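**Student:** I'd like to ask you about the structure that follows.
The numbers here are math on the coordinates, done by the rules we state, and not lab data. Bear in mind the structure is a predicted one, so any value in this text is a computation, not a measurement. Here the Cβ positions follow ideal geometry from the backbone for every residue, glycine too, while neighbour counts run over all protein chains shown.
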Amino acid sequence: MSSSPLLLQDKVAIVTGAARGLGEAVARAYAAEGARVVVSDIDAAGAQRVADSLPGAVAVACDVRVPAQVEALVQAAVDRHGRLDIMVPNAGVARVAPLIATSYEAWRDVTSVNLDGVFLCIRYAAPALIAAGGGHIIPMASVTAKAACALIGSYAAAKAGVVSLAQTAAIELRAHKVQVNAILPAFIETDLVKAHRAEFEEQLGIPDFNAVIAQRQGRYGTPEEVAQLAVFLASGRASFSNGSGYVLDGGVSSSLL
Amino acid sequence: MIELQGRKALITGAAQGLGKAIAELFVERGAQVMLADIDAEGAARTADALGPQARSVRCNVTNSAEVAAAVQATVAAFDGLDTLVNNAGIEIVKPLFDNSEEEYERLMAINVKGVFLGMKHALGPLAASGRGAIVNISSLAGTNGVPLFGTYAASKSAVIQLSRTAAAELRPAGIRVNAVCPGFVGTAMVDRLIPTVEAIVGVPFSALVAVKQLRLGTPREVAEMTAFLASDAASWTTGSHYILDGGLSAGLL
């Protein structure tokens, strides 16, 4: 981007689930725009590896299911940099199974990370963002919040909850100049998709998952493309956006056929 | 500031308001911009103020030949067209069934057929560019019912659905199509409708806005969203409609 001014110069950002995948891409894009990134993950070594490769970044291990750990994560960012400007609750997991074969433990595993975790990130980051005079919360939801995909019902339900949380947080926090907007991507060729392609084909009754992707969304999206939206939303350029859920999915959710 | 460097854009309704703000930002970000408007003098004045990256052309978006000519003028001026912003639109503020049939048809012709014609005539050069991007200016009224804005809301809803189908059909041509849905923004259009809204609703407009979205949005903020969707940074976004409304639609009350 040569001589253009950086969009997030000196902003302090926490990204959870940033040891790999979408979170890592967001952390890298933020650092490239001048942010000081707190790279967080339950995988401490993975978070450290990402942080070591980014200027101004630090790693903080965090299990987003545990209130005290999320509180400590926010405190670590404030202790280190004196403020917090951006929180990206991105950590998420999925279990692949039909609802009738989903154990309660599996349901709680998914909802505790994907929904409880986002609540806790909002709950503990908001006071720090208010103290900084305003800021951004950008939860990673999914287009499955809007339309179902067989085998990931618990994931989709949690992501729909994330979109709802973003709406309430937006209207409760907007007087404090805190903007909350969710990102709803589909389908990125993640490890999850790769690992479970055959199960999706069987359960959806389709011979070739990749062919359906090609027909419905042209190709797989990339983590870097999702990260560009996360940059835009955290920048001053999206100052009128609040409580929105932004779909980026190659068009898969926008047409019926 | 280079995200639109090299882009060759046609923007309708660009003499004033949102279209003008979009043209200004596009020029700032490095695009060449053709400002189209039924107000040819206004478009020329705005383009002149923007310098050598901007040109203007008269265009009544309800007239197929004029839309085709505006596309051709853009291709001729910039040696191509890779970005189309369908922004031209009008509003009618009155109870739904006080609209005359003529008012209804005129509004639909500008707000809906105009978008259809813009895409129809531009898709050839957009496909040829290999990086085609269409941004259609819809409205938050396109996603919700709005008392006094019934015909406008219906037309803006149509813009969203046109965008969605176009996105699916034009994907093989490498053209992305998205819509922008602003809440209340401080433009001459909103200034015009304030007395009507206040007279019918019985509440000062400023109080209404303060409760629902804290403040009016700015044309610049709408331009920023448009610029993002037009840029390569939005390469995975197509068929979407992006709401920016200060939280207006996130809450029920």
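**Student:** Which one of A:Ser154, A:Ser103, A:Ser142 has the biggest mean-square fluctuation once chain A is modelled by GNM with Cα springs under 10 Å?
**Tutor:** In the Gaussian network model the winner is A:Ser103.
**Student:** Ok, one more. Pull up all non-local amide H partners of B:Ile134: gap of 5 or more, or a different chain, and H-to-H distance under 5 Å with H placed in the peptide plane.
**Tutor:** Answer set, sorted by chain and number: B:Leu84, B:Arg176, B:Val177, B:Asn178.
**Student:** Return A:Lys194, B:Lys8, B:Lys20 ranked ascending by Cβ neighbour count within 10 Å, so the fewest neighbours appear first.
**Tutor:** Taking fewest neighbouring Cβ atoms as first place, the list is A:Lys194, B:Lys8, B:Lys20.
**Student:** Under a cut-off of 24 Å between alpha-carbon atoms, report the lysines in cross-link reach of B:Lys94, not counting same-chain residues fewer than 8 places apart.
**Tutor:** Those lysines meeting the cut-off are B:Lys113, B:Lys156, B:Lys212.
**Student:** Here's something else I'd like to know. Any idea how far apart B:Gln161 and B:Ser206 come out in nm if each label point goes 7 Å out from Cα toward Cβ?
**Tutor:** 4.0
**Student:** Separate question: At 7 Å along the Cα-to-beta-carbon direction for both B:Glu103 and B:Arg192, put a label point, then send me their distance in nm to one decimal.
**Tutor:** Taking the two extended label points, one gets 1.3 nm.
**Student:** In whole Å, what is the distance between the alpha-carbon centres of region A:178-257 and region B:206-237?
**Tutor:** 22
**Student:** Compute the Rg to Rh ratio over region B:67-212 from the alpha carbon atoms, using the Kirkwood formula for Rh, and round to two decimal places.
**Tutor:** Details: Rg = 17.2 Å, Rh = 16.5 Å.
On the Cα set of region B:67-212, Rg over Rh gives 1.04.
**Student:** Taking the Cα atoms only, what angle lies between the long axis of helix B:64-78 and the longest principal axis of chain B, rounded to 10 degrees?
**Tutor:** Compared with the principal axis, the helix lies near 50 degrees.
**Student:** What's the center-to-center distance, using Cα atoms, between region A:34-84 and region B:82-130 in Å?
**Tutor:** Result: 48 Å between the Cα centres.
**Student:** Right, another one. For an R0 of 60 angstrom, estimate the FRET efficiency from the Cβ-Cβ distance between A:Gln215 and B:Ala199 and round to the nearest 0.05.
**Tutor:** After rounding to 0.05, the efficiency reads 0.70.
**Student:** Please report the projected area of chain A's Cα convex hull averaged over all directions, in nm². The partial results should precede the final answer.
**Tutor:** Details: hull surface 54.7 nm².
Here the figure is 13.7 nm², rounded to one decimal.
**Student:** Hey, what did chain B get for relative contact order, percent, Cα under 8 Å, at least 6 apart?
**Tutor:** Result for chain B is 19 percent.
**Student:** Can you give the angle from 0 to 90° between the axis of helix A:191-204 and the longest principal axis of chain A, with both taken from C-alpha atoms, to the nearest 10?
**Tutor:** 30
**Student:** Averaging over every viewing direction, what projected area does the convex hull of the Cα atoms of the protein assembly as shown cover, in nm²?
**Tutor:** 23.9
**Student:** Same structure, new question: To the nearest 500 deg cm²/dmol, what mean residue ellipticity at 222 nm is calculated for the protein assembly as shown from DSSP H runs of n ≥ 4 alone, each contributing -39,500 (n - 2.57), summed and divided by the residues?
**Tutor:** Computed mean residue ellipticity for the protein assembly as shown: -14500 deg cm²/dmol.
**Student:** Here's another thing I want to ask about it. Which lysines have a Cα less than 28 Å from the Cα of A:Lys11, not counting those fewer than 8 places away in the same chain?
**Tutor:** Correct list for A:Lys11: A:Lys159, A:Lys177.
**Student:** Within the set of other residues whose C-beta is less than 9 Å from the C-beta of B:Phe228, count the net charge using Lys and Arg as +1 and Asp and Glu as -1.
**Tutor:** Net local charge, B:Phe228 excluded: -1.
**Student:** May I ask you to list the residues of region B:83-109 whose amide nitrogen lies under 20 Å from a point 7 Å from Cα along the Cα→beta-carbon direction of B:Asp39?
**Tutor:** Answer for region B:83-109: B:85-93, B:106-109.
**Student:** Quote to one decimal, in nm, the extra length available between A:Ser4 and A:Arg197 on full extension: 0.36 nm per residue of separation minus the C-alpha distance between them.
**Tutor:** Length gained between A:Ser4 and A:Arg197: 65.4 nm.
**Student:** Can you tell me the relative contact order of region B:162-253? Whole percent, Cα pairs under 8 Å, sequence separation 6 or more.
**Tutor:** That works out to 47 percent.
**Student:** Follow-up question, since we're still on this one. Compute the Kirkwood hydrodynamic radius of region A:1-88, taking the inverse of the mean of 1/r over all pairs of distinct Cα atoms, and give it in Å to one decimal.
**Tutor:** Averaging 1/r across every pair of different Cα atoms and inverting gives 12.6 Å.
**Student:** Which far-off residues, 5 or more places away or on another chain, put their amide H under 5 Å from the one on A:Gly251, with H placed in the peptide plane?
**Tutor:** Those qualifying (amide H under 5 Å, at least 5 residues apart or on another chain) are B:Thr238.
**Student:** Another one. Taking the Cα centre of each part, how many Å lie between region A:1-30 and region B:133-165?
**Tutor:** Here the answer is 33 Å between Cα centres.
**Student:** Of the candidates A:Leu151, A:Leu204, A:Leu22, which one comes out as most mobile in a Gaussian network treatment of chain A with C-alpha springs shorter than 10 Å?
**Tutor:** A:Leu204
**Student:** Taking chain B as a Gaussian network, where each spring joins two C-alpha atoms under 10 Å apart, which residue of B:Asn86, B:Asn111, B:Asn144 fluctuates the most?
**Tutor:** Maximum fluctuation in the GNM of chain B, among the listed residues, is at B:Asn144.
**Student:** Taking the Cβ of A:Ala145 as the centre, find all other residues whose Cβ is under 14 Å away and add up their charges (Lys, Arg: +1; Asp, Glu: -1).
**Tutor:** +1
**Student:** Once phi is turned into ³J(HN,Hα) by the Karplus curve 6.51 cos²θ - 1.76 cosθ + 1.60 with θ = phi - 60°, what whole-Hz value does each residue of region B:153-165 show in order, with x for glycine and proline?
**Tutor:** Per-residue couplings from phi come out as 4, 4, 5, 6, 5, 4, 4, 5, 5, 4, 5, 5, 5 Hz.
**Student:** To continue, here is another question. So what are the radius of gyration and Dmax for the Cα set of region A:90-235, in Å?
**Tutor:** In Å, with Rg to one decimal and Dmax whole: 16.7, 54.
**Student:** Taking the 0 to 90 degree range and rounding to the nearest ten, how far is the long axis of helix B:114-129 tilted relative to the main principal axis of chain B, both from C-alpha atoms?
**Tutor:** The helix B:114-129 is inclined about 30 degrees to chain B.
**Student:** Give, as a single signed number, the net charge of other residues whose beta carbon lies under 11 Å from the beta carbon of B:Gly239, with Lys and Arg counted +1 and Asp and Glu -1.
**Tutor:** On the way: positive: A:Arg216, B:Arg164, B:Arg171, B:Arg176; negative: A:Asp249, B:Glu169.
In short, +2.
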